[in-house]
1. Mind listing whichever residues of the stretch 51-81 are of a type in the set (Val, Ile, Thr), under 16 Å from SER109 (Cα atoms) and open to solvent by 10 Å² or more (accessible area, probe 1.4 Å)?
2. Are any residues in the stretch 139-158 modelled with pLDDT of 85 or more and in contact with a helix residue (DSSP H, G or I) (Cβ under 6 Å, 6 or more places away or on another chain), and if so, which ones?
3. Restricting to the stretch 95-110, and then to whatever is open to solvent by 60 Å² or more (accessible area, probe 1.4 Å) and touching a Lys or Arg at 6+ places or on another chain (Cβ under 9 Å), can you tell me which residue is modelled with the lowest pLDDT?
4. Only one residue in THR405, THR386 is over 17 Å from SER221 (Cα atoms), touching a residue at least 24 places away in the same chain (Cβ under 8 Å) and either polar (S, T, N, Q) or in contact with a strand residue (DSSP E or B) (Cβ under 8 Å, 6 or more places away or on another chain) (or both). Which one?
5. Within the bounds of the stretch 506-525, is there any residue that is under 25 Å from SER56 (Cα atoms), part of a helix (DSSP H, G or I) and polar (S, T, N, Q)?
6. Condition first: at positive phi and among the acidic types (Asp, Glu). Can you find one or more residues in the stretch 109-118 that meet it?
7. Any residue at all in the stretch 556-579 that's at negative phi, in a loop (DSSP other than H, G, I, E, B), of a type in the set (A, V, I, L, M) and surrounded by fewer than 23 Cβ atoms within 10 Å (Cβ to Cβ)?
8. Just name the residue that is nearest to ASP45 (Cα to Cα) out of those in the stretch 455-475 that are open to solvent by less than 10 Å² (accessible area, probe 1.4 Å) and modelled with pLDDT of 85 or more.
Amino acid sequence: MFDYLCLEGLRRRRLLTCLTQVFFKNTNNMMPATSSLTHVQQKIDKVQRFLAVALSIANAHTVEFYTHDVWKRFMAVAPDDVLSAVHQRAHTCKEDEERQDTFGFCPESHRLVNIHEMLNAARMLSLPGLDTCLSREELLLSVRQICSDSGSSTENAGAALETDEFMNSKKSHEVQCMSEVVAHLARGCQVKQIIDVGSGKGYLSSFLSMQYCLQVFGIDSSSINTHGAQERDRKLKKFSKAFQQHSKAQKRNKPQEEIKSNIVTQTDQRTEVETTETPPPSEDLSNVVEKHLEPDETDQETAEDLFLNALSLDVIETTSLRVSSSQLTNAEREKRKRENLERKAQNTSKSDGPLFSPITSYVTAETELRELISELKAAVLVGLHTCGDLAPSSLRMFVAKTELTAVCSVGCCYHLLSEEFDPAAQEGSHRVNGFPLSQYLRDQSWFCGRNARMSACLALERFSHGQGIAMESLFYRAVLHVILRDHYGSFKSEKRVGNVYSKTKSFVDYVRRALQRLDLDETKLSDSDIQGYHDEYRLRMNELEAFSILKVTLAPCIEGLVLLDRLCYLKEQENVSFSALVQLFDPLLSPRCYAVVGLKKKR
């Protein structure tokens, strides 16, 4: 597998040299260079030229791999050659790569004839290869320079919270990295309010309010999420007070037993887990705190698409779906309003510390924020892994609303984006589409296709570090499709096979369960008939494996085009003074690691 992480060294060296490249306007200080609109458009053109020929691979249906003879249709190389090439480091230099207009594909048949050229093109035309992103450190430097902020944005922060105590390692990493950036943006724009769209369980919102003393409004369309976020915030505030007292007590060299006793006596009697006795001296502080926290809930995978389901969970990014208010009954909408008013009344009655207000609402670019937040002033708009169209909607909202001074948006779930120019999409199903966002790509009527956007959800970095594809599951489903074609007349149904694979012991068992799920007569086939299909296509399993790996290698290019489109959109806006793509997270911990950041011009 070619080494994407080798580009990280270049990125770090760039951090040391970028300060000598560009002078910041109206100051003697220097700051990192950011891309102009023309520069971003040129990068988009490069990615487009490659994807124009490579998207056919990403858009191929894996489930139809054998029934449509996908390998012969798209590939003119042997599968073993592909498997060998992707596990070697590509050595073609950038100058040679840019002279390749075909990217390894035959101009006449459009089949892949040179795997090395294709892999090199994919590497150079991903976001790390295009060199279009700032690091988190470069962004913080830029914000300080733009806002003429000589102080530290963490100046008003309280005692450092140990997020590992109440979040898993992935969420802890995301929240700490993003909250630092958001705090810098808020301080630079001289605002105290944050609007967190798609706030979900409220981890980012709670951390921003407690750690950085910011007033945060967390908006989510799920009342389950906002109720849970409110309760979780209440418990985390207890933890925050306990932790800060612990820190102060340590500085005064208090005995550990006395510290623990004080922490325990602070707990609310209404907490589900009540503690009335001082813990024994051998009990660690973290155990005391854990008793008053809800266990971290595992993110649930909701996308039922076959290709994503068949991949290792380590290679994909998942999220929860949002329910539009238009899909609710009048009674449910009224209930949401009452709940929001009740929460607002509860929060405004509290005067002991930072404020986090969960709000249940479905938001779009047209949403009137002041109708949801009566006390709204100037604010920073943020979104951590906003699902599908919510990410582009938040950017449209940022541009349209004068009260929003900055934005930091990390999107996810590209397969749930609506595409304006996708011929396969239902006509009129979306009034405002999520892709393309920029006028530049809209003028070209560009579209990727749903399967390609599904491929963009894959995580190449994790795959290259051994967290691979669940090939047997993919193989089982593709061979099942052959059986359906041969014995059930290319059967199609609204019913799904679903996650049958995890419950089965063999291919025969898998097919039997799948046929039952589809309400088909399984007596048509004997066990030996079913096993015969498995044995026949097992000889061609390397084709499916090689093709699936090629899909993974294309993922960063498709994701890159989506993100460059969003950056281009901000560059096109007259009221936006600064915009950039920023790598906020470690891609091994959090594959959707890029943020779109923007600042409004000062009025």
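The values are calculated or read from the model by the stated rules, or taken from the named source; none is laboratory data. Because the structure is predicted, anything quoted here is derived from the model rather than measured. Every residue, glycine as well, gets a Cβ built from its backbone with ideal geometry; the counts of neighbours run over all protein chains shown. For the accessible areas, the whole protein counts, side chains as well, though only heavy atoms, and no ligand, DNA or RNA atoms are used. Shrake-Rupley method; radii C 1.70, N 1.55, O 1.52, S 1.80 Å.
1. VAL53, VAL77
2. Result: LEU140, VAL143.
3. Among those residues, the one meeting the criterion is GLU98.
4. THR405
5. no
6. No, the stretch 109-118 contains no residue that is at positive phi and among the acidic types (Asp, Glu).
7. no
8. So, considering only residues that are open to solvent by less than 10 Å² (accessible area, probe 1.4 Å) and modelled with pLDDT of 85 or more, the one nearest to ASP45 (Cα to Cα) is ALA456.
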